[in-house]
Amino acid sequence: MRVGLFIAISIVFIAASSAAQAQSRADQCSAFARDRARSSVGTTGPLRGAARGAAGGAIGGAIAGNAGRGAGIGAAVGAGLGTVRRAGQRNQVYQSYFNECMRWP
């Protein structure tokens with residue numbers, strides 16, 4: 001009786017733990033790609049975009065006669081564009097790692 005109960009409890013425990021740990025290949029690859037995309041070094045971002053925008057705005061402002069105001073506007077616009085570019089770049093990195101993982105045997 002006790003041996004039968006022990007075996008039944010063991011089978012239930014094994015089935016429950018394997019079901020809890022089981023993940024589909026897509027879930028595993030998604031977690032892998034998300035981790036890699038989060039840790040990837042980006043070449044764009046709000047700070048770099050602000051620097052580029054400030055430089056471009058200062059040049060445009062100098063031509064128009066107010067370099068300081070042009071640099072401020074350019075920095076604000078550049079920061080926004082840099083953020084959008086970084087998000088797009090992260091998405092591309094995620095897709096690349098996800099597709100690579102799904103191709104693994």
Verdict on A26 being surrounded by fewer than 16 Cβ atoms within 10 Å (Cβ to Cβ) and at pLDDT 75 or above: yes
For S10: the one exception among (1) modelled with pLDDT of 75 or more; (2) of a type in the set (S, T, N, Q); (3) surrounded by fewer than 11 Cβ atoms within 10 Å (Cβ to Cβ): (1)
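One line per residue, one yes/no per condition, for (1) in contact (Cβ under 8 Å) with a residue 60 or more places away in the chain; (2) surrounded by 15 or more Cβ atoms within 10 Å (Cβ to Cβ):
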{"position": "G68", "(1), (2)": "no, no"}
{"position": "A71", "(1), (2)": "no, yes"}
{"position": "G78", "(1), (2)": "no, yes"}
{"position": "L81", "(1), (2)": "no, yes"}
{"position": "G88", "(1), (2)": "no, no"}
{"position": "Q92", "(1), (2)": "no, no"}
{"position": "F98", "(1), (2)": "yes, yes"}
Residue within the stretch 29-43 that is in a helix (DSSP H, G or I), closer than 24 Å to Y94 by Cα and either more than 27 Å from the chain's Cα centre (by Cα) or at pLDDT below 70 (or both) present: no
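The values are calculated or read from the model by the stated rules, or taken from the named source; none is laboratory data. Remember, predicted model here, so these are calculated numbers, not experimental data. Note that we place each Cβ from the backbone using ideal geometry, even for glycine, and neighbour counts take in every protein chain shown.
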